[in-house]
1. Please report, in whole Å, how far the alpha carbons of the range 51-113 spread along each principal axis, starting with the longest.
2. Cα atoms only: what Rg and Dmax, in Å, come out for the range 86-181?
3. Run the numbers for residue 236 and residue 62: contour at 0.36 nm per residue of separation, minus the present Cα-Cα distance, in nm.
4. Report, in degrees rounded to the nearest 10, the 0 to 90 angle that the Cα long axis of helix 334-356 makes with the longest principal axis of the chain.
5. Report D for the chain in µm² per second (integer): Stokes-Einstein, Kirkwood Rh on Cα pairs, 20 °C, 1.002 mPa s.
6. What does the extension gain come out to for residue 365 and residue 260, with contour length at 0.36 nm per residue minus their alpha carbon separation?
7. Grab the beta carbon distance between residue 191 and residue 125, set R0 = 56 Å, and tell me the FRET efficiency rounded to 0.05.
8. Which angle from 0 to 90°, rounded to the nearest 10, does the C-alpha axis of helix 108-117 make with the longest principal axis of the chain?
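Values in this text are rule-based calculations from the coordinates and carry no lab data. Nothing here was measured: the structure is a model prediction, and the numbers come from that model. Every residue, glycine among them, receives a Cβ derived from its backbone with ideal geometry; neighbour counts consider all protein chains shown.
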Ligand SMILES: Cc1cc2nc3c(=O)[nH]c(=O)nc-3n(C[C@H](O)[C@H](O)[C@H](O)COP(=O)(O)OP(=O)(O)OC[C@H]3O[C@@H](n4cnc5c(N)ncnc54)[C@H](O)[C@@H]3O)c2cc1C
C-alpha cells in the first residue's frame, strides 16, 4: 500500500474475524485498531467449540502465521461424528484417521487467546460499544461509542457480529428468526460426573432427531460437553409459556415432556445438565445480503452474512478477514482494496447463504445427511 500517510483503519469487533484481520494486516506492516464492547478478554464466557476447516478457516490461520499453533491447540479427536436415533442406537459413526486434519475442533476461548496473543500490544481497545458510524461515503468516517467517545478513520471494518452496528451505516437489513430455536445445556467434569453422557457423545459430536426436535451434543475442551436442544418453536417460546430463561427446573420439566418418547439415556442429554439453559433463537440475514458499496466501510463475517449455525460461520469470518487484509496489503488505495474484497466475498457468501437457506430445519429432520461427504469436506 503506497498511501501516505497510512490509512486509519478501525475494526469493530474482537471476534475471530476482527482479530484475524488485525493479525494479518499487522504481518503486512499495516496498523489497525480493534474496538470491542466487552470490558476485557475474559469479560464473558466465549461459548463452545468451533471446527476450523482446511479450505477456509485454516487458510486464514496460515496467512496469520498461526496454523501450526492451531494444530497444537486443537482437538484432532474432536472430528469424531456420531448420528444416533432417539433410542441412542448408532446409525453412523465417523472416527478420524490419525492424520485427518480436515476440521479439528478448538474452544472459542482458546482461539480468541491465540489471536489476541499474536497482536501488537494495544491493538484492542476493550469497553468500546459502537453506537453509530457517520460521515460521507467517501470518508473519513466517525465512530460514535457509548459514553460519547468518537474516533475518526479512513476505513471502518464491521466485524461486530450478528447484530452489527456498523452494518446499519450501509444496509437496512436485519436478521430474521429462522423458526428454529436452540437451548444450550452444559455438562461439566463429564468423565467423573456424567460418564454415560461422555460415552454417548464420544470425543467429537453426536446428533439425533425425530422430525420435530433434535439434539446436537459436542465434546469441548476441559472435560465439558455442550448440548444444543433444537426445536421448531416461536422465538419467544420461553416467555410465551410464562417462564423466564433462568427457570431451569420448569424449563427442564417441559423439555423432558417434549422428549418423552426418547430413551432415558438420551433424555439425560436434555435434563441432566449442570446450571441454567442458555436460550439461542437462531436468526439469519436474508440470503444474498449485500449493500451499497462504500470505499470507507465494509463488513466481514456474521456482520456481512449471518447464516444458521451449520458449521460455516466462523470459517467464512476467518476467510473474509484474510482476504480483506490481503487486499489491503496488495492494492494502492483502500477503495480499490475494499472493491476487490467485496467482488470475491459477496458472491461467495450469497451462494453459501442460498445453499443454507432453510437448512437449519434439517437439524430436526430424520433424513440422514451425507455424513461421509461432511467428514471428508465434500
Ligand atoms: C449457537 C451457535 C453455535 C455456533 N456454532 C458454530 C460452529 O460450530 N461452527 C461455526 O463455524 N460457526 C458456529 N457458529 C457461528 C459462529 O459463532 C459465528 O459465525 C462466528 O463467531 C462469527 O465471527 P465474527 O468474528 O464475524 O463475529 P462474532 O464472533 O460474533 O464477534 C463479534 C464481536 O463483536 C463485538 N461487538 C458486537 N457488537 C458490538 C458493538 N456494537 N460495538 C463493539 N463491539 C461489538 C462482540 O463483543 C464480539 O466480540 C455458531 C453460532 C451460534 C449462535
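1. 44, 24, 18
2. 20.6, 60
3. Numbers: separation 174, 0.36 × 174 = 62.64 nm, distance 4.12 nm.
The residue 236-residue 62 span can extend by a further 58.5 nm.
4. 20 degrees
5. On the way: Rh = 21.7 Å.
Stokes-Einstein gives a translational diffusion coefficient of 99 µm²/s.
6. Working: separation 105, 0.36 × 105 = 37.80 nm, distance 1.77 nm.
Extra length from residue 365 to residue 260 when fully extended: 36.0 nm.
7. That pair, residue 191 with residue 125, gives E of 0.90.
8. On a 0 to 90 degree scale, this one is about 30.
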